[in-house]
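Written below as structure tokens is the structure these notes are about.
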Amino acid sequence: MADSSARLELPDNEGARALAGGRGENLKLIERRLGVQIGQRGNVLLISGTAEKVALAENLLVQLQDLIQRKYPLGLEDVEQASKVMLSDPHAQLRDIFLDTIFVNNSNHPVTPKGFAQKAYIDAIRKHDIVFGSGPAGTGKTYLAMAMAVAALVERKVKRIVLCRPAVEAGEKLGFLPGDLAEKVSPYLRPLYDALHDLMDLDRAGDLIERGTVEVAPLAFMRGRTLNDAFVILDEAQNTTSEQMKMFLTRLGFGSKAVITGDATQIDLPSGKVSGMNEARQILHGVEGIRFCEFTDKDVVRHPLVQEVVRAYEAAQARKDAAEAARRAIPHGERMEKV
């Protein structure tokens, strides 16, 4: 394909600097992701490469500049995710995704979706009372659910937030840990505390927890309760049993929402135990008011290497499954002869 070029003139030098990033890191990232070359002279960008890629890069840069003009605090992570969005759909409108502010966090940075899957996820939470979000680590399932919960609390749409996880890893060893039950399970709830503290001031979060407006507890504490006017999040749901998932879902009262998050590839249940999250997908599929959202490795929003790690492990598991399937396909007698 013949090489092509484009000249993009930006409104001013300040906007050009914001678009380029420190030491031009944003432009360098776009060069790597889209396979183009970008030169900068003041407020003018010169793009070269194949015609298709130049057009894509120009469209991306124009839309990123539009976000900057709308006061969006563009960072390297945003450029990374925006590049993914444009590569998957060259006609995508970034402002429809990146300007959908859920909440402004403790660092005064807007929490927004970073791709199609995240946008669909938060839209589902807005429209449905029970939402399942499943996929690999780093896709923002828990963090976005937490941001939606805090926003609902601040806007007085709910009166409290309830955050819970199954403490599967503790098992029988729980009794050997020091402290009372709350202290024993605290390490398993730490990720929920971390997300909460990132969204709001530490003192405010502590005050809400102390007053019971925000409750962080192991799943076992949910039994026998009815949760009205609450935003409830169940994290690590792949480690719930069938009975625990049914128990959790039937806690929901009037004026409440529940978001269930998990990763089906990281099940720590004892052998023979069915994951309550996986079973719920089969049982509840098609039930009105319940939505299932799926994330993939393409939706990872952590360090770019996290996506590569996820892909590498998935490929290794696929090879392992294929080898096991091939082994089982060999008749038993032939396997004995080879031995």
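The values are calculated or read from the model by the stated rules, or taken from the named source; none is laboratory data. Keep in mind it's a predicted model, so treat the numbers as computed, not measured. Note: ideal-geometry Cβ built from the backbone for every residue, glycine included; neighbour counts use all protein chains shown. We work out accessible area using only protein heavy atoms, side chains counted, and drop any ligands, DNA or RNA first. Shrake-Rupley method; radii C 1.70, N 1.55, O 1.52, S 1.80 Å.
Numbers at a glance
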quantity	calculated
Rounded percent of accessible protein surface that carbon and sulfur make up, the stretch 201-325, 1.4 Å probe	53
Percent of beta bridges antiparallel (DSSP, the chain, rounded to nearest 5)	35
Förster-model FRET efficiency, 22 Å R0, Lys127 and His91, C-beta, rounded to 0.05	0.35
Relative contact order [Cα under 8 Å, 6+ residues apart], the chain, whole percent	17
Förster radius 41 Å - calculated FRET efficiency between Asp203 and Ala325 (Cβ-Cβ, nearest 0.05)	0.15
Pairwise centroid distance, computed over Cα atoms, of the stretch 202-258 with the stretch 88-105, Å	29
Heavy-atom accessible surface of the stretch 31-127: percent carbon and sulfur, 1.4 Å	49
Global size of the stretch 229-334 as Cα Rg and Dmax, reported in angstrom	17.9, 63
The chain, accessible area per residue, ligands and nucleic acids excluded (1.4 Å, Å²)	53
The chain: calculated mean residue ellipticity at 222 nm from DSSP helix runs of at least 4, using -39500 (n - 2.57)	-15000 deg cm²/dmol
Alpha-carbon centroid distance for the pair the stretch 308-331 / the stretch 1-48, whole angstrom	42
Neighbourhood charge, 14 Å Cβ-Cβ cut-off, centred on Ala322 and excluding it, Lys, Arg +1 and Asp, Glu -1	+1
Protection proxy ranking of 51-59, 141-149, 250-258 - average other beta-carbon atoms within 10 Å, highest first	141-149, 51-59, 250-258
At least 15 Å along the helix axis (C-alpha) and Kyte average at least -1.0, DSSP helices within the chain	51-69, 76-88, 116-127, 141-154, 181-199, 304-329
